[in-house]
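Before any comments, here is the structure.
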Amino acid sequence: MKKRVIIIFMLISLILPQSFAQSGFISDVSKKGTTAAPFLSIGQSARAIGMGSAFVGVVNDVSSIYWNPAGLTKTQGVNVAFDHTLWIADIKYNYLAASYNLGGLGTIGFSYTGSDIGEMNVTTITQPEGTGETFSSTQAAFSLAYAVQLTENFSIGFSPKFIYESIWRMSATAFALDMGVQYVTPFDDAILAMSISNFGTSMQLLGNSNLVLHDLDPVNSGNNGDIPAYLETNSWALPLTFRVGVAYNPIETEMHRLTLAVDAMHPSDNYESINVGAEYGYNDFLFIRGGYKSLFLDTSEESFSFGFGVKQLLVGNVAFKIDYAYQNFGRFSDIQKFTLSVTF
């Protein structure tokens, strides 16, 4: 078993640095706004957001599919969660995830992320009030996940995903892979974790909206000014993100548990930053959370966050949980997130 772990780490250390260097991931220049599918960077789970998104080492529920697939090995039985995000500009996002623990065979999972933007009016230079037509934009991601406990203290997980975006008559698709590990250290069972998200292909918008009528010689009259042409669009990389985190429980008794977490982030479309967070749990019933996102990132609008959760045991081993989180977003509308989850 130890030999398998060593081989996996060797493959990761050999392949990933070369891939990052070739894709321009390692850079001292901010590339803010230069990636496709930015919705992939919106964190899921009110619990995680309440802790300032310092979650790669903490995660032990079905939201592992987003933060660190290795965390799925800590789930028991069946886990189902629905997450609703009130984002900026009246945009809403929904996240649905489910997982099933197969025992010694590992844990499998599925997740869906989708946007709710609504209809918008089509406007032109000559018709600024609208043409009478409407259009919409769609963002969606479908993920499958598998995680396995390789040793008593070491787990690893993978989550391939399909990504789709569309606006009016144009669309783009991509495939990506998330992967992560969690290691329970000998130091008071502190957890050391790492994850890589959105390692995949580029996206390029294509469709009928690219077709236009073009005048090859607008200066001279008498020529055909309605030549069919096709507008070329560029392809853009996905928001590749590398996270390393530590989670530690300085207090862990039957009635009280305090969890502290720190994550270091290295995204491909911004500078490095630190997320910190804490969660206090009373009798595995009431949870209070707080955190701060994007420390040392001067240009970030994101900052503090807080939240709470309530967990109720129903019949047998069925548990129902409600979580809420609030995140400050600077000059933009503040973010609110709600999560309902059931385990059985």
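Restricting attention to segment 265-317, the residues that are over 21 Å from the mean Cα position of the chain (by Cα), within 20 Å of S45 (Cβ to Cβ) and of a type in the set (A, V, I, L, M) add up to 3. Within segment 63-96, the residues that satisfy the criterion of being within 17 Å of I117 (Cα to Cα) and either in contact with a helix residue (DSSP H, G or I) (Cβ under 6 Å, 6 or more places away or on another chain) or aliphatic (A, V, I, L, M) (or both) are L86, I88, A89, I91. Each residue in segment 278-321 was checked for being of a type in the set (A, V, I, L, M) and under 19 Å from T259 (Cβ atoms), and 6 of them qualify.
Whenever a residue of segment 116-132 is touching a residue at least 12 places away in the same chain (Cβ under 8 Å) and over 25 Å from T85 (Cβ atoms), its partners that are part of a loop (DSSP other than H, G, I, E, B) and of a type in the set (V, I, T), lying with C-beta atoms within less than 7 angstrom and at least six residues away or across chains, give the pairs V122/T131.
Within segment 152-175, residues that are within 21 Å of M194 (Cα to Cα) and touching a residue at least 40 places away in the same chain (Cβ under 8 Å) sit with their Cβ atoms under 7 Å from residues that are buried (at least 16 other Cβ atoms within 10 Å of the Cβ) and of a type in the set (F, W, Y), at 6+ positions apart or across chains, in these pairs: F154/Y183; G157/Y146; F158/Y146.
Here's the yes/no breakdown for (1) loosely packed, with under 14 Cβ neighbours inside 10 Å; (2) not β-branched (V, I, T):
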| position | (1), (2) |
| --- | --- |
| I191 | no, no |
| M194 | no, yes |
| L216 | yes, yes |
| D226 | yes, yes |
| W236 | no, yes |
| V262 | no, no |
| G277 | no, yes |
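Bear in mind these aren't lab numbers, they're just calculated from the coordinates by the rules spelled out. The model shown is predicted, which means the values in this text are computed figures rather than measured ones. In this analysis, Cβ positions are derived from the backbone assuming ideal geometry, glycine residues included, and neighbour counts consider all displayed protein chains.
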